[in-house]
Amino acid sequence: MSEASPASESAATWQHEIRAREQAARVAFLAADVHAMEQLLADGYIVNSPLQKVVEKRLLLELLRTGRIRHSAYECEIEHMSRHGDVVVVMGRDSVVDPPNDTPTRRRYTNVWQLQGDVWRAITRHAHVLPREVGT
């Protein structure tokens, strides 16, 4: 087995860190853990939401805290990650289930993370709902 070059070790490190942050954000959102979300999201975080609104961090956390946004299930699949200096772009698909009707919603998403000090924080997200297929 050959040793990895410093460049590939570095790539493996940031990719592992981003995957861990993506997972932590998914788990925190599903659990409505506002404190954890506060730590994961940068102060200027903004999301172009599937609700057809641009939502800033403060409002997003309030919607989560009050239960106005709530998922009973939330699964993500990362399809692409690329690093551009201190910024990482993550693209993929996810599926959420929201009460009360528990109908799954499939979405495409892009998350953008920035290295702030020595911690990766989410700075922006775009998500849009995919049309329902006939028979689903």
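The values are calculated or read from the model by the stated rules, or taken from the named source; none is laboratory data. The shown structure was predicted, so the numbers you read here are calculated from the model rather than taken from an experiment. Every residue, glycine among them, receives a Cβ derived from its backbone with ideal geometry; neighbour counts consider all protein chains shown. Heavy atoms of the whole protein, side chains included, go into the accessibility calculation; ligands, DNA and RNA do not. Shrake-Rupley method; radii C 1.70, N 1.55, O 1.52, S 1.80 Å.
Per-structure values
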quantity	calculated
Filter result for LEU51 (under 19 Å from ALA24 (Cβ atoms), within 17 Å of the chain's Cα centre (by Cα) and not in a strand (DSSP E or B))	no
Meets criteria (open to solvent by 70 Å² or more (accessible area, probe 1.4 Å) and β-branched (Val, Ile, Thr)) for THR110	no
Of all residues in the range 43-61 being within 24 Å of TRP120 (Cα to Cα) and of a type in the set (Lys, Arg), the one that is surrounded by the fewest Cβ atoms within 10 Å (Cβ to Cβ)	ARG58
When residues of the range 29-48 are limited to those that are closer than 14 Å to TYR74 by Cα and assigned to a helix (DSSP H, G or I), the one farthest from the chain's Cα centre (by Cα)	LEU30
The range 97-108, subset in contact (Cβ under 8 Å) with a residue 24 or more places away in the chain, part of a strand (DSSP E or B) and of a type outside the set (S, T, N, Q), residue farthest from ARG132 (Cα to Cα)	ASP98
Filter result for LEU115 (surrounded by 11 or more Cβ atoms within 10 Å (Cβ to Cβ) and out of contact with any Asp or Glu (no Cβ under 6 Å at 6 or more places or on another chain))	no
Hits in the range 62-95 (condition: open to solvent by less than 30 Å² (accessible area, probe 1.4 Å), in contact with an Asp or Glu (Cβ under 8 Å, 6 or more places away or on another chain) and without any contact (Cβ under 8 Å) to a residue 24 or more places away in the chain)	GLY92
Where ARG26 falls short, out of the listed (1) surrounded by 15 or more Cβ atoms within 10 Å (Cβ to Cβ); (2) more than 11 Å from the chain's Cα centre (by Cα)	(2)
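One line per residue, one yes/no per condition, for (1) over 10 Å from the mean Cα position of the chain (by Cα); (2) hydrophobic (A, V, I, L, M, F, W, C):
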{"residue": "ASP86", "(1), (2)": "yes, no"}
{"residue": "ASP94", "(1), (2)": "no, no"}
{"residue": "ARG106", "(1), (2)": "yes, no"}
{"residue": "GLN116", "(1), (2)": "yes, no"}
{"residue": "ARG125", "(1), (2)": "no, no"}
{"residue": "VAL129", "(1), (2)": "yes, yes"}
